[in-house]
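Here is the structure we will look at, set down as structure tokens.
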Amino acid sequence: MKRAETYLDWNASAPLRPEAAAAIRAALDHCGNPSSVHRWGRAGRRILEEARAAVAALVGAVPEQVIFTSGGTEANNLALAGCGRARLLVSAIEHGSVLEAAPLAERIPVDGDGIVALDALERKLAADPRPALVSVMLANNETGVIEPVAAVAERAHRMGALLHCDAVQAAGKIPLDGRALGADLLTLSAHKLGGPPGIGALVVLRELDLMPQIRGGGQERGRRAGSENLPGIAGFAAAAAAAAAGIAAYDDVRRLRDELERAIAALAPGAVIVGAAAPRLPNTAAIAMPGTPAETQVIALDLDGVMVSAGAACSSGKVRASHVLEAMGAGPELAGSTIRVSLGWSTTETDVARFLAAWAALYRRRRNLAEGMRAA
Amino acid sequence: MTPNPTLSANTAPIYLDNQSTTRLDPRVLEAMLPYFTEEFGNPHSESHRYGRTAAAAVERARRDVAELIGADPREITFTSGATEANNLALKGAAHFARAHPQSEPRDHIVTLATEHKCVLESCRRLAEEGFRVTVLPVAADGLVSLDALAQALTPRTLLLSVMAAHNEIGVIQPLAEIGALCRAKGVLFHTDAAQAFGKIPLDVAAMNIDLMSISGHKIYGPKGIGALYVRRRPRVRLDPLLDGGGQERGLRSGTLPVPLCVGLGRAAALAGAEMAEEAVRLKRLRDRLWMSLARRVPGLRLNGGAERRLPGSLNLAFPGLPAQKLIEACPSLAVSTGSACTSAAVEPSYVLRALGLSDALANASIRIGLGRFTTEAEVDFAADALAAAAARHPAAETLSEAHRALT
């Protein structure tokens with residue numbers, strides 16, 4: 001019998017939505033380069049432009065504002081390197097693709113709940129008159145904490161700065177309106193919301209000259225060259241439409257996540273839910289089991305068929321403390337013992353129960369071990 | 001072979017634009033599908049089974065790609081396509097050299113006038129950044145002169161970029177000779193092999209290739225995936241184009257699209273296994289098409305040399321007959337006037353101009369790309385359609401009369 005598997009690592013990658021699978025399957029059967037003028041090319045162009053409209057609709061943008069990229073990382077790189085601003089300010093909890101794309105950027109601190117410090121941002125903006133770009137994510141990938149992006153945008157704009165918002169983790173999980181947020185640039189990734197990997201977008205919500213980072217045939221109105229990944233784009237669009245239509249499913253996800261956290265608190269009074277005091281995504285729980293290294297937890301849970309992660313997937317192979325938890329002021333003890341549990345639209349009560357059983361078994365083993373050591 | 005039902009009137013056009021993109025091979029699709037659906041893990045999630053299954057699939061694909069060019073799997077970096085690979089090769093090498101200056105700095109880049117837009121545009125950007133760029137002409141057959149190349153490479157030359165097989169005219173450059181020249185002068189040799197990979201034998205060791213750009217959707221694989229070969233011995237160092245999670249050994253950040261990697265790997269394996277046989281078949285079809293047309297269309301001319309040429313590729317000038325008119329007259333054929341990226345543009349192909357064609361002749365040229373799914377019946381149908389359209393055109397009639405008068 002196949003062992004039951006419980007996937008609770010949705011923030012790393014979500015399973016493909018059936019609507020996206022159907023759209024990809026249809027587009028894979030279509031052969032045509034959207035830049036070609038013949039009939040096959042024109043059919044490809046239609047798929048491309050319909051998809052652009054669907055992705056735009058997810059964030060309240062117009063189709064012309066959507067630039068398809070190979071994913072969130074490329075979109076973040078394009079925003080930061082292409083905006084032409086001499087000065088970059090990024091929050092300390094941004095994804096690696098923002099932090100590494102702008103290694104010289106000034107860091108905006110966050111408070112203990114993981115919320116970006118608006119007063120610090122204002123001071124930094126006021127201290128230097130050069131035109132700046134501020135980059136603050138909508139929701140953090142490790143903790144799920146939702147940032148006050150509209151307030152950040154208001155301050156950035158008042159000081160003549162642009163605002164880039166990495167909305168990769170938030171899109172599809174909470175309602176999203178790029179203009180209400182006040183973002184000038186918005187990053188999206190398909191595979192985090194049930195689309196395929198290898199496709200994302202940078203949405204440019206205001207008129208600005210973006211310097212292309214990948215040059216060539218002039219696709220995407222000269223802002224991103226390369227033959228379009230049509231099946232990926234079609235899948236992205238179908239997933240975006242399904243995510244927008246199914247956003248209410250995250251009410252159930254929130255209920256499950258909250259139950260999970262309550263059960264943990266009842267089981268283990270010493271456990272910590274990171275960022276619990278802040279507004280958070282409905283699906284993410286960052287849970288610390290003090291005294292037990294995160295790697296140990298992840299391996300033990302995996303042996304029980306429960307899949308979670310010790311942080312961001314791209315760095316989860318590395319044994320390194322999370323920069324997000326460090327920025328929130330967590331000591332090495334807390335940061336080193338925190339795992340990320342992330343749910344999604346098809347997560348069930350059974351999944352949560354399996355996780356809790358595995359987590360509780362590990363917790364008891366570790367407690368007994370610690371008591372045994374104290375007794376000896 | 002049974003006649004293709006699509007050859008009747010008013011049905012889907014015959015696809016003869018395989019340089020632009022190719023139909024996904026059903027065997028590639030089959031390999032990819034599980035990784036879209038049940039095996040959706042993030043390959044960088046090493047802590048659980050889904051992630052490890054995905055990572056193993058990516059590494060198998062990397063081996064298949066490497067094997068086709070005689071490389072080590074660790075020398076293959078997945079990208080979003082050949083355009084990104086070309087950008088990464090050129091800008092990556094240039095930016096690394098600038099950031100790590102040697103006692104004798106190298107800040108000169110050499111390329112050809114007929115390179116793909118993404119190479120020329122990357123070079124243009126590097127020129128704006130202060131690098132010196134030399135764009136060499138080609139001969140009338142589309143090939144670069146090795147003597148001119150040898151003269152252009154100086155002790156300050158960092159990199160030479162030459163397309164392996166051409167996307168518009170199909171000519172194959174003398175890669176081994178160029179590679180030997182570069183190696184002797186300490187110049188990095190980059191080749192854009194988007195059209196050549198999987199269609200002609202390529203060997204990075206024998207050809208002294210340091211960097212090679214690869215595309216998935218030109219070899220019946222998926223769109224949105226490509227690769228850059230980056231030599232390890234001697235080590236070629238590049239600055240990344242995309243920073244982030246440090247995937248692909250830090251050279252290319254971003255979550256790897258597992259189904260697309262798997263598709264590229266499978267497409268490479270199939271292309272390798274079937275290359276020899278398929279090349280013979282395509283060459284026979286190509287020559288059949290050429291001879292059928294040349295017999296019936298007076299003045300028909302092959303753009304680019306005939307000998308060193310991709311098996312399925314033709315670029316033909318129909319003197320006096322504008323390509324747009326010819327294409328409109330053959331609605332049952334999907335052919336193009338040149339590179340897809342620029343095919344909506346009205347100006348004549350810069351590639352054909354570089355071969356010395358007049359604007360009129362360049363504007364009278366079409367590109368035909370036969371592929372894995374092209375049948376003999378389709379080739380014959382295409383020849384008939386093109387010949388009939390040419391015969392109907394007044395300019396062609398005039399030419400035809402002149403031709404008769406001369407013979």
Is there a residue being among the polar types (S, T, N, Q), at pLDDT 95 or above and more than 19 Å from the chain's Cα centre (by Cα) anywhere in the range A:270-285? no
Is it true that some residue in the range A:261-273 is within 28 Å of residue A:195 (Cα to Cα), in contact (Cβ under 8 Å) with a residue 24 or more places away in the chain and among the small types (Gly, Ala, Ser)? no
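Give me a count of the residues in the range A:13-24 that are small (Gly, Ala, Ser), part of a helix (DSSP H, G or I) and crowded, with 24+ Cβ neighbours inside 10 Å. Even if it seems obvious, please write down each step before you answer.
Within the range A:13-24, the first condition is being small (Gly, Ala, Ser), and the residues that meet it are A:13-14, A:20-23.
Cutting the leftovers down to part of a helix (DSSP H, G or I) gives us A:20-23.
Filter once more, so that each one left must be crowded, with 24+ Cβ neighbours inside 10 Å: A:20, A:23.
The number of residues fulfilling the criteria is 2.
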Restricting to the range A:60-72, name every residue that is part of a loop (DSSP other than H, G, I, E, B) and touching a strand residue (DSSP E or B) at 6+ places or on another chain (Cβ under 6 Å). A:61, A:71
State whether the residues of the range A:241-252 include one that is surrounded by 16 or more Cβ atoms within 10 Å (Cβ to Cβ) and within 13 Å of chain B (Cβ to nearest Cβ). no
Let me confirm something: among A:95, A:157, which residue is crowded, with 24+ Cβ neighbours inside 10 Å and out of contact with any His (no Cβ under 9 Å at 6 or more places or on another chain)? A:95
Checking residue B:249 against (1) within 14 Å of chain A (Cβ to nearest Cβ); (2) in contact with a strand residue (DSSP E or B) (Cβ under 7 Å, 6 or more places away or on another chain), the condition it does not meet: (2)
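Residue-wise test of (1) assigned to a loop (DSSP other than H, G, I, E, B); (2) over 30 Å from residue B:357 (Cα atoms); (3) touching a residue at least 60 places away in the same chain (Cβ under 8 Å).
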site	(1), (2), (3)
B:236	yes, yes, yes
B:244	yes, yes, no
B:260	no, yes, yes
B:265	no, yes, yes
B:270	no, yes, yes
B:284	no, no, no
Taking the options A:27, A:86, name whichever one is among the aliphatic types (A, V, I, L, M) and either buried (at least 17 other Cβ atoms within 10 Å of the Cβ) or at the interface with chain B (Cβ under 10 Å from one of its Cβ atoms) (or both). A:27
Out of B:104, B:84, I need the residue that is exposed (fewer than 15 other Cβ atoms within 10 Å of the Cβ) and either polar (S, T, N, Q) or in the same structural domain as residue B:214 (by TED's automatic domain parsing) (or both). Which one? B:104
Within the range A:5-16, can one find any residue that is polar (S, T, N, Q), more than 7 Å from chain B (Cβ to nearest Cβ) and in contact with a Pro (Cβ under 9 Å, 6 or more places away or on another chain)? no
Can you find even one residue in the range A:198-211 that is farther than 12 Å from residue A:69 by Cα, of a type outside the set (A, V, I, L, M, F, W, C), within 10 Å of another protein chain (Cβ to nearest Cβ) and buried (at least 24 other Cβ atoms within 10 Å of the Cβ)? no
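Return yes when residue A:44 is assigned to a helix (DSSP H, G or I), modelled with pLDDT under 95 and buried (at least 22 other Cβ atoms within 10 Å of the Cβ) and no when it is not. Spell out the reasoning first.
Numbers: assigned to a helix (DSSP H, G or I): yes; modelled with pLDDT under 95: yes; buried (at least 22 other Cβ atoms within 10 Å of the Cβ): yes.
Yes.
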Considering only residues that are within 21 Å of residue B:197 (Cα to Cα) and more than 13 Å from chain A (Cβ to nearest Cβ), look in the range B:44-60 and name the one that is surrounded by the fewest Cβ atoms within 10 Å (Cβ to Cβ). B:59
Counting just the residues of the range B:177-234 that are in a helix (DSSP H, G or I) and within 16 Å of residue B:165 (Cα to Cα), which one comes out farthest from the other protein chains (Cβ to nearest Cβ)? B:177
Candidate set from the range B:16-43 (those that are surrounded by fewer than 24 Cβ atoms within 10 Å (Cβ to Cβ) and facing chain A (nearest Cβ under 9 Å)); member that is farthest from residue A:302 (Cα to Cα): B:23
For the range A:89-98, give me each residue that is away from chain B (no Cβ under 12 Å) and of a type in the set (Ser, Thr, Tyr). A:91
What are the residue pairs meeting all of these: first residue in the range B:165-178, first residue modelled with pLDDT of 95 or more, second residue of a type in the set (Ser, Thr, Tyr), Cβ atoms under 6 Å, and 6 or more apart or on different chains? B:167/B:339; B:168/B:339; B:170/B:313
Given (1) in contact with a helix residue (DSSP H, G or I) (Cβ under 7 Å, 6 or more places away or on another chain); (2) of a type outside the set (Asp, Glu); (3) within 14 Å of another protein chain (Cβ to nearest Cβ), identify the lone condition not met by residue B:113. (3)
Residues in the range B:350-381 that are among the small types (Gly, Ala, Ser), within 13 Å of chain A (Cβ to nearest Cβ) and not in a strand (DSSP E or B): how many? 1
Name the residue, out of A:75, A:126, A:79, that is in a helix (DSSP H, G or I), of a type in the set (A, V, I, L, M) and surrounded by fewer than 18 Cβ atoms within 10 Å (Cβ to Cβ). A:126
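The values are calculated or read from the model by the stated rules, or taken from the named source; none is laboratory data. If you're wondering where the values come from, they're calculated on a predicted model, not measured in any experiment. Ideal geometry is used to build each Cβ from the backbone, glycine not excepted, and the neighbour counts take in all protein chains shown.
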